[in-house]
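Contents: one structure, followed by commentary.
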Amino acid sequence: MSPYGNGNLSVMPLQEFVLDGFGGGPQTQALLFTLFLVLYLVDVLGNLTMIVVITLDARLHSPMYFFLKNLSFLDLCYSSVIYPKALFDLMSSTKVITFAGCVTQFFFFSTMITTEGFLLAVMAYDRFMAICNPLLYPISMRPSVCALLMLGCYCGGSFNSILQASFTFSLPFCSSNHIDHFHCDVPPLLKLACADTTTNELVMFGLCGLVIVGTILVVLVSYGYITVTILRIRSGGGRHKLFSTCGSHMTAVSLLYGTAFIMYAQPGALQSMEQGKVVSVFYTLVIPMLNPLIYSLRNKDVKDALWRLSQKHTAT
């Protein structure tokens, strides 16, 4: 579709976009396809394993593992929103995505990734209540409260996604229909707009900054109290177990928030699309793949549950 009419730029409603993805010849595309496919399969297998293990093992039916199961679900969902299409495009010459498909992909991706940010803050609060207020923990984190907290995470993620999608896809796209990325996201889409995007950039920086700063504050305050409480424990074994559990969570928080800040919440985030693609691969594929490994390898309860399930499967 040509964006020009009678020699002048004209605003025409786009019916489809083209995802340019990564450059390079057929060999580079085949190499990327193999790499992404392997990482995605590990991601799917790891997160499905965590969901199944936590669901089937009654000893893991606690608030901490309820939230961890939801974390695995979110990781599985937002990588699956992107990578089946990205893998297909690596082997395709057209790489077309419809306007509606682009909106849908962006909405669900944005909802899931923002929900995960809120969930990581809730998980820090859960550890704070478990370690600093153990007597009140069974009441304060009863199943109904956990369900409401999880619902709040999804509502916050959906609200952010609706605002971002509304501001982004209401823009007139007329410079080109080629998105310099491998999935639909705000920064590359803003580069296609033939209108002033200052408001959109401020909305993106503001919302992402608010989510990141707000949730990081919850995490830091929670872990500040947790650290003080752990240091008061005389048992070295008890300290090690608590620090191991909290260390896994802090690793996941640092990975997600660090890359999200680089991508969305700093001035100049829109400048380098090549850098943006690499960062996107990291937080849309590598982090969802690493999270199950981080939580399972450093968590004795999960490793024991995996062993019990494997023994039960072997026995049958």
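The values are calculated or read from the model by the stated rules, or taken from the named source; none is laboratory data. Note that the coordinates shown come from a computational prediction; the quantities given were computed from them, not determined experimentally. All Cβ positions, glycine included, derive from the backbone under ideal geometry; neighbour counts span all protein chains shown. Ligands, DNA and RNA are excluded from the accessible area calculation, which covers all protein heavy atoms including side chains. Shrake-Rupley method; radii C 1.70, N 1.55, O 1.52, S 1.80 Å.
Structure notes:
- Each Lys or Arg adds one and each Asp or Glu takes one away; over the other residues whose Cβ falls under 12 Å from the Cβ of ILE113, this sums to -3.
- Scanning residues 5 or more positions from PHE17 or on other chains, those with amide H under 5 Å from its amide H are ILE97, THR98, PHE99, with H placed 1.01 Å from N in the peptide plane.
- Eligible aspartates and glutamates near LYS312 by straight Cα distance, threshold 16 Å, same-chain separation 8 or greater: ASP57, ASP304
- Model label sites at LEU148 and ILE233, defined 7 Å from Cα along the beta-carbon direction, differ in position by 2.9 nm.
- Nearest 10 degrees, 0 to 90: helix 143-169 Cα axis against the chain principal axis: 10
- Å³ per residue enclosed by the Cα convex hull of the chain: 150
- Between 0 and 90 degrees, the angle of helix 300-315 with respect to the longest Cα principal axis of the chain falls at about 90 degrees.
- Solvent-accessible surface of segment 152-222, averaged per residue with a 1.4 angstrom probe and all protein chains in place: 39 square angstrom.
- Accessible surface for segment 1-147, divided over its residues, is 48 Å² per residue with a 1.4 Å probe.
- Taking the chain as a whole, the Cys residues whose C-beta sits 4.7 Å or farther from every other Cys C-beta are CYS77, CYS132, CYS146, CYS153, CYS155, CYS208, CYS246.
- Net length gained if the chain between CYS155 and ASN133 were fully extended (0.36 nm per residue, minus Cα distance): 5.2 nm
- Out-of-range pairs (alpha-carbon distance over 27 Å; input LYS85/LYS303; LYS277/LYS303; LYS95/LYS277; LYS277/LYS300; LYS85/LYS191): LYS85/LYS303; LYS277/LYS303; LYS277/LYS300
- Per atom type, the chain shows carbon and sulfur on 70% of its accessible surface, probed at 1.4 Å.
- Estimated FRET transfer efficiency when R0 is 25 angstrom, pair LEU37-LEU220 (beta carbons, to 0.05): 0.10
- Total formal charge among the other residues, if their Cβ is under 15 angstrom from that of PHE36, Lys/Arg +1 and Asp/Glu -1: +1
- Using C-alpha pairs below 8 Å separated by at least 6 residues, the relative contact order for the chain is 26 percent.
- Taken over segment 79-208, the convex hull of the Cα atoms encloses 118 Å³ per residue.
- Computed 3J(HN,Hα) for segment 76-81, one whole-Hz value per residue from the Karplus formula 6.51 cos²θ - 1.76 cosθ + 1.60 where θ = phi - 60°, is 5, 5, 6, 6, 6, 5, glycine and proline marked x.
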